Amino acid sequence: MEGTRYEDRPEDGRGGRIVPMRLQKFLARAGVASRRASENLMTAGRVRVNGEVVTELGSKVDPLVDVVTVDGAEVKLSDGPVTIMLNKPAGVITTMKAQSDRPIVADLVPTREFPGLYPIGRLDADTTGLLLFSTDGNLGNALLHPSKHVSKTYIATLDAPLGKRQADALRQGVELDDGPTQPAVVEFDDEARRVVRITIHEGRYHQVKRMFEAVGRKVRKLHRASFGPLELGSLPSGKWRELTKREVDSLQ
């Protein structure tokens, strides 16, 4: 069969010719994930070229000839990135890798319809609420970078009422074993002062739970109500929806 000559190859929509390229670069340009995240997709065995699993990071593909799939769904350079929000239920682990005995978020989001979806950050298994996913690795990296200070609001149900001094301490920032936290916004959702709405601008491990522990309270339930400008709203538990262009633009 006669091959396609370079000068006959179509352009990629950005003024550049489509030529054979590394598979992870192809995935990144198609909006599946960042190049580093695309490499993770490959090594996890989630990427196939012409029906064969490809894990070798040096592998190349020809976008005009080869059929590339991620999680069984075909990927093309014309495909754009997709970002969705999920209302994560309790007991579900934030991972895309199958677990033998526990449910995972990958079971709740449309990985076949939108291959390459990855969670932006994570929620503990017992934490519910807003969790973002995207095929745009650059967006995920930007939102999680410490310099962005993206706000996240949680509703915490405590084991005992939160006193004024304790609330003021959280508003000023508390000392944790990995350093002081930034000031938090603290509001009460009930007269008993056991349901607290707290907004933080960091993303440390178990941060909200550790902040309350630092002032002598334990979190019994934790729910994330918002991420940056996005609010969970009335999205039912276990359900997802695609973000609008305006919502994605607001994140950027």
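A few comments on the model shown:
- The residue that is least open to solvent (accessible area, probe 1.4 Å), among those in region 96-130 that are of a type outside the set (A, V, I, L, M) and free of Cβ contacts under 8 Å to residues at least 24 places away in the same chain, is Pro103.
- Test: residue in region 136-153 that is surrounded by 15 or more Cβ atoms within 10 Å (Cβ to Cβ), farther than 25 Å from Gln252 by Cα and at pLDDT 95 or above: no
- Number of the condition not met by Ala214 [criteria: (1) surrounded by 16 or more Cβ atoms within 10 Å (Cβ to Cβ); (2) aliphatic (A, V, I, L, M); (3) closer than 28 Å to Ala142 by Cβ]: (3)
- Scan of region 176-211 for residues that are free of Cβ contacts under 8 Å to residues at least 40 places away in the same chain, within 29 Å of Ser134 (Cα to Cα) and open to solvent by less than 20 Å² (accessible area, probe 1.4 Å), ordered by number: Thr181, Ala184, Gln207
- Hey, Thr181 of a type in the set (Ser, Thr, Tyr) and either closer than 14 Å to Thr153 by Cα or in contact with a Cys (Cβ under 9 Å, 6 or more places away or on another chain) (or both) or not: no
- Qualifying residue in region 5-15 (condition: of a type outside the set (A, V, I, L, M, F, W, C), open to solvent by 60 Å² or more (accessible area, probe 1.4 Å), at pLDDT 85 or above and part of a helix (DSSP H, G or I)): no
- Those residues of region 58-85 which are in a loop (DSSP other than H, G, I, E, B) and closer than 30 Å to Arg224 by Cα, in sequence order: Asp71, Gly80, Pro81, Val82
- Selection status of Ala142, assigned to a helix (DSSP H, G or I), free of Cβ contacts under 8 Å to residues at least 12 places away in the same chain, among the hydrophobic types (A, V, I, L, M, F, W, C) and at negative phi: no
So that you can scan it fast, the table gives a plain yes or no per residue for (1) in a loop (DSSP other than H, G, I, E, B); (2) at pLDDT below 95:
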site	(1), (2)
Thr157	no, no
Ala160	yes, no
Arg165	no, no
Arg171	no, no
Gln182	yes, no
Ala192	yes, yes
Val196	no, no
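- Output for region 214-248, where each listed residue is over 16 Å from the mean Cα position of the chain (by Cα), farther than 18 Å from Thr199 by Cβ and not in a loop (DSSP other than H, G, I, E, B): Arg220, Lys245, Arg246
The values are calculated or read from the model by the stated rules, or taken from the named source; none is laboratory data. Here the structure is a predicted model, which is why all the values come from computation and not from measurement. Note that each Cβ is placed from the backbone with ideal geometry, even for glycine, and that neighbours are counted across all protein chains shown. These area figures cover heavy atoms from the full protein model, side chains too; ligands, DNA and RNA do not enter into them. Shrake-Rupley method; radii C 1.70, N 1.55, O 1.52, S 1.80 Å.
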